[in-house]
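Scroll down for the structure; my scribbles are underneath it.
Quick note: the coordinates plus some simple rules give every number you see, no bench work behind them. Predicted model only: the values in this text are computed from it and were never measured. Quick reminder, even Gly has a Cβ in these numbers, built from the backbone with ideal geometry, and neighbours come from all protein chains shown.
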There are 2 protein chains.
Amino acid sequence: MADSDATLVRVAVDLLGGDGAPDSVAAGVVDALHRDPDLQVSLVGPEELCHAVSGGAADVRDRIVIVPASQVVAMGEDPISGVRAKRDATVCVTAQLVRDGAADAMVSVGSTGASMAAGIFTLELLPGLTRAALAVVLPAVSGPVVLLDVGANVTPAAGLLAQHALVGAAYAEVLLGLTEPRVGLLTIGEEAGKGDQTRRAAAKLLADLPVRFIGNVEGDDVLVGDRADVVVTDGFTGNVLLKGMEGTYAVLGDLITVHLARSHPAALVAVRRATAHLHPDRLAGALLLGVDGVVVVGHGASSVAAVAGCIAQAAYLVRQSVLPRLHEALATLITRRATALLAEAAQLAEAAQ
Amino acid sequence: MADSDATLVRVAVDLLGGDGAPDSVAAGVVDALHRDPDLQVSLVGPEELCHAVSGGAADVRDRIVIVPASQVVAMGEDPISGVRAKRDATVCVTAQLVRDGAADAMVSVGSTGASMAAGIFTLELLPGLTRAALAVVLPAVSGPVVLLDVGANVTPAAGLLAQHALVGAAYAEVLLGLTEPRVGLLTIGEEAGKGDQTRRAAAKLLADLPVRFIGNVEGDDVLVGDRADVVVTDGFTGNVLLKGMEGTYAVLGDLITVHLARSHPAALVAVRRATAHLHPDRLAGALLLGVDGVVVVGHGASSVAAVAGCIAQAAYLVRQSVLPRLHEALATLITRRATALLAEAAQLAEAAQ
């Protein structure tokens, strides 16, 4: 039993989400509880299944709260109509716990669309935003880089990319402790004007935001991280890029393992240690950035370690008070932008007199 | 001197293209000539510079043909108006050599836009195509994978993605010797319907093509290669993905080098050997697939080895008679498609009677 309930971070977890559910989720929950004595998990799923998880983990049982829910929004299902129709779906109930203050954060590794829909329909958006984005923090060489969007809005207009830039900058400020994080626009050439029409329009909007916009960045800049701390893109490109980087890591890792396992086992251990922080499992989940709650969305194929990682990440974000601080940072940026617009309007009015 | 001029492959090279031009291009040319005794290079650039290259490489001098051209379409310049205005630009003259039969192939590592514009304006498109695509051949785990487009058409409609699928399949058949190569559509979920509107429309069109369309693939499938031999995408996403994978390779390579160099130098050699075929330099250039000529476009930041690689790749494509065979394979696919459409039309006419 933890010393005091007041210090517990309460994370609601969707037991039925993910390719390996419920087993991998259950194992991830137990693993996360073992690693973090100040964690409490609200396990959302069919009562019998939840009891089985809880019963099989005697030492952490008192930190598992069972919340019954039986429906599922499946991977192939249309997430929006699925979430609308099934109010008793595990992912919906998980989000409701956050809305009602019964949990501090939620985690689902089920259908990304369903997790987003549940988060967005159930929780409010932060003031000034019209959409949320999926944001990941990549362990780039020069320091962490916030990449967004990685899958929420597949064909955003330029204005939405500007919104992503604003909330991404606020997030980097709060989470990474950066003053004026450098914001880059992901496109296919460094020179201004490179890319498609959306990128060209977005570049103009980003230049007017009260953020440190450094211009275009390319696909190979992201994981180096020496040019931008926040990389803004659409959800289609961001998702393909993220998975492409993960795939490259896996392919190289497998090749190296095969070649070193017999001949240089000690070196293999050294390589694994040196590259462990880049392992896709360590990325854990994406934050549904822009909703008024900590919603961590994991990969459907999440391993046990990745599920535990998502839960740990959610707990970390709560302990760092990321959400209230994000509120504040975003409000400051929006106020600055509004002030600039008012000043421009005043100048125009003066000129017109 | 080569035995007979008849066996020589003649590659025209743009001396002024690329971040390191003319030095890295010159060194790449000399390197390529050293490696391939049956190669002749038409060096296109300012006469004095060309003479300096030729003069500094006595042993291969007789296989360098100097073709004077002095203008440059710079990296920041609008490629289309640049190529239109500067008919004496090195990249334009290089393409003219191919058109006029004075060279068998061309290579430029300058502005990708300018190389594409010069290729497209100077050479014809293959019958049945309305656009060309940039195609790379990736050394995936399960075998080579053709990825296209990586930068020619940034916002293609679904019909153009179908065209890319057709020419990509023909290219994989010819270059990789595959019967019915598997064609995948790059998007952000395996299930049918995942992605944006363009992808959904393209999936329907691809299903009707006389190619083996296997459905959606994701960013992490590309470098594994067990699902598709040809991956079709738009030039924006393809470019970001390609650079993202290259960047990940570089970041991991640097990390591993730093950690193994002192402690396990022998293992480092083994790692380098095991992963050398994935090194971005080995990718060399992209083929401007769809024009009636072998046009190899390299990265602006190409190293000497990468320039030499682009030239070797161009020579290889010529020796494999890829272009005439591509003509034929594409014509077969287009005829099959036309036959299917005619049959459909006949059925409709019959039903209407």
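Couple of notes before you dig in:
- Tallying residues that are out of contact with any strand residue (DSSP E or B) (no Cβ under 6 Å at 6 or more places or on another chain) and part of a loop (DSSP other than H, G, I, E, B) within region B:124-144 yields 9.
- Against the test of being over 22 Å from A:A117 (Cα atoms), surrounded by fewer than 24 Cβ atoms within 10 Å (Cβ to Cβ) and more than 18 Å from the chain's Cα centre (by Cα), the options A:R319, A:R336 yield a single qualifying residue, A:R336.
One line per residue, one yes/no per condition, for (1) within 27 Å of B:G290 (Cβ to Cβ); (2) crowded, with 23+ Cβ neighbours inside 10 Å; (3) among the hydroxyl-bearing types (S, T, Y):
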{"residue": "B:A27", "(1), (2), (3)": "no, no, no"}
{"residue": "B:D38", "(1), (2), (3)": "no, no, no"}
{"residue": "B:G55", "(1), (2), (3)": "no, no, no"}
{"residue": "B:E77", "(1), (2), (3)": "yes, no, no"}
{"residue": "B:K86", "(1), (2), (3)": "yes, no, no"}
{"residue": "B:T94", "(1), (2), (3)": "yes, yes, yes"}
{"residue": "B:R99", "(1), (2), (3)": "yes, no, no"}
{"residue": "B:V107", "(1), (2), (3)": "yes, yes, no"}
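- Among the candidates B:L206, B:L255, residue that is over 23 Å from B:G177 (Cα atoms) and in contact with a helix residue (DSSP H, G or I) (Cβ under 6 Å, 6 or more places away or on another chain): B:L255
- Residue in region A:145-164 that is part of a strand (DSSP E or B) and within 14 Å of chain B (Cβ to nearest Cβ) present: yes
- Residues located in region A:224-241, provided they are surrounded by 24 or more Cβ atoms within 10 Å (Cβ to Cβ), within 7 Å of chain B (Cβ to nearest Cβ) and either aliphatic (A, V, I, L, M) or in contact with a Cys (Cβ under 9 Å, 6 or more places away or on another chain) (or both): A:V240, A:L241
- Selection within region B:209-243 - among the acidic types (D, E) and under 18 Å from A:D196 (Cβ atoms): B:D234
- For region B:200-259, a residue qualifies if it is aliphatic (A, V, I, L, M) and within 22 Å of A:P139 (Cα to Cα), and the qualifying residues are B:L223, B:V240, B:L241, B:L242, B:M245, B:A250, B:V251, B:L252, B:L255, B:I256, B:V258.
- Comparison of B:P139, B:P144, B:P127, B:P156 shows that the only residue that is in contact with a Ser or Thr (Cβ under 8 Å, 6 or more places away or on another chain), surrounded by fewer than 23 Cβ atoms within 10 Å (Cβ to Cβ) and not charged (D, E, K, R) is B:P156.
- The residue that is nearest to B:V146 (Cα to Cα), counting only those in region B:188-223 that are among the aliphatic types (A, V, I, L, M), free of Cβ contacts under 8 Å to residues at least 60 places away in the same chain and surrounded by fewer than 21 Cβ atoms within 10 Å (Cβ to Cβ), is B:I214.
- For beta carbons closer than 7 Å, sequence separation of 6+ or different chains, a first residue in region A:262-278 that is at the interface with chain B (Cβ under 7 Å from one of its Cβ atoms) and a second that is surrounded by fewer than 16 Cβ atoms within 10 Å (Cβ to Cβ), the qualifying pairs are A:H264/B:A266; A:A270/B:S263.
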